[in-house]
Amino acid sequence: QVQLVESGGGLVQPGGSLRLSCAASGSFFRITDMGWYRQAPGKQRDLVALITSGGSTSYTDSVKGRFTISRDNAKNTVYLQMNSLKPEDTAVYYCYVLNVLRKNSWGQGTQVTVSE
């Protein structure tokens, strides 16, 4: 079973930057897609960014040009570089992976707060 450990969340001022990391460990089938979702209080969990095993990326419109997703396949790690952060980016960010058997797994979540 795969374990996903996230790090890098915290409190940052508007316009600041954070980098989230998520490392997969344990016993698991080959990972295909990796991504990040976020959930603000009282709202549903929404996709932020996704990266395929081939390196293709996609982003929700509100973060295009500000966030960059990347992955290190040798380390089974996915990253989310977040620049020009806005208060509306405040949420719990969840790491997501999909394996070759189409089974998904989630991290425990890391809080990102953008505030003065």
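Here Lys86 is the anchor, and the lysines within straight C-alpha reach of less than 20 Å, apart from those fewer than 8 places off in the same chain, are Lys43, Lys64. Computed from backbone phi with θ = phi - 60° and the Karplus coefficients 6.51, -1.76 and 1.60, the 3J(HN,Hα) list for segment 26-32 is x, 9, 7, 6, 3, 7, 9 Hz; x is used for glycine and proline. To the nearest µm²/s, what D does Stokes-Einstein give for the chain at 4 °C and 1.567 mPa s, using the Kirkwood radius over alpha carbon pairs as Rh? D = 92 µm²/s.
Just how large is the dipole of segment 15-116 about the Cα centre, in debye to the nearest 20, putting +1 at every Lys and Arg Cβ and -1 at every Asp and Glu Cβ?
On the way: 12 positive and 7 negative charges, 58 e Å.
For segment 15-116, the charge dipole is close to 280 debye.
Heavy-atom accessible surface of the chain, averaged per residue, reaches 53 Å², computed with a 1.4 Å probe.
Of the residues Glu88, Glu6, ranked by 1.4 Å probe accessible area with the largest first, the sequence reads Glu88, Glu6. Modelled this way, with points 7 Å down the Cα-to-C-beta line, the labels at Ser17 and Gln39 are 3.0 nm from one another.
Within the accessible area of the chain, the carbon and sulfur atoms contribute 48%, probe 1.4 Å, all protein chains present.
Taken along the Cα-to-beta-carbon direction at a fixed 7 Å, the label points for Ser84 and Lys103 span 4.1 nm. For segment 111-116, putting each phi into the Karplus relation 6.51 cos²θ - 1.76 cosθ + 1.60 with θ = phi - 60° gives couplings of 7, 10, 10, 10, 7, 5 Hz, in residue order, rounded to whole numbers and with x for Gly and Pro. Computed from backbone phi, the HN-Hα couplings of segment 44-59 come to 7, 7, 10, 5, 9, 7, 9, 9, 7, 5, x, x, 6, 10, 8, 9 Hz, rounded to whole numbers (Karplus: 6.51 cos²θ - 1.76 cosθ + 1.60, θ = phi - 60°; Gly and Pro given as x).
Cα gyration tensor of segment 30-86, axes a ≥ b ≥ c as square roots of the eigenvalues: rounded (a/c below 1.5), prolate (a/b > b/c) or oblate? Prolate.
The values are calculated or read from the model by the stated rules, or taken from the named source; none is laboratory data. Predicted, not measured: the structure shown is a model, and the values here were computed from it. Here Cβ is always computed from backbone atoms with ideal geometry, including for glycine, and neighbour counts include all displayed protein chains. Heavy atoms of the whole protein, side chains included, go into the accessibility calculation; ligands, DNA and RNA do not. Shrake-Rupley method; radii C 1.70, N 1.55, O 1.52, S 1.80 Å.
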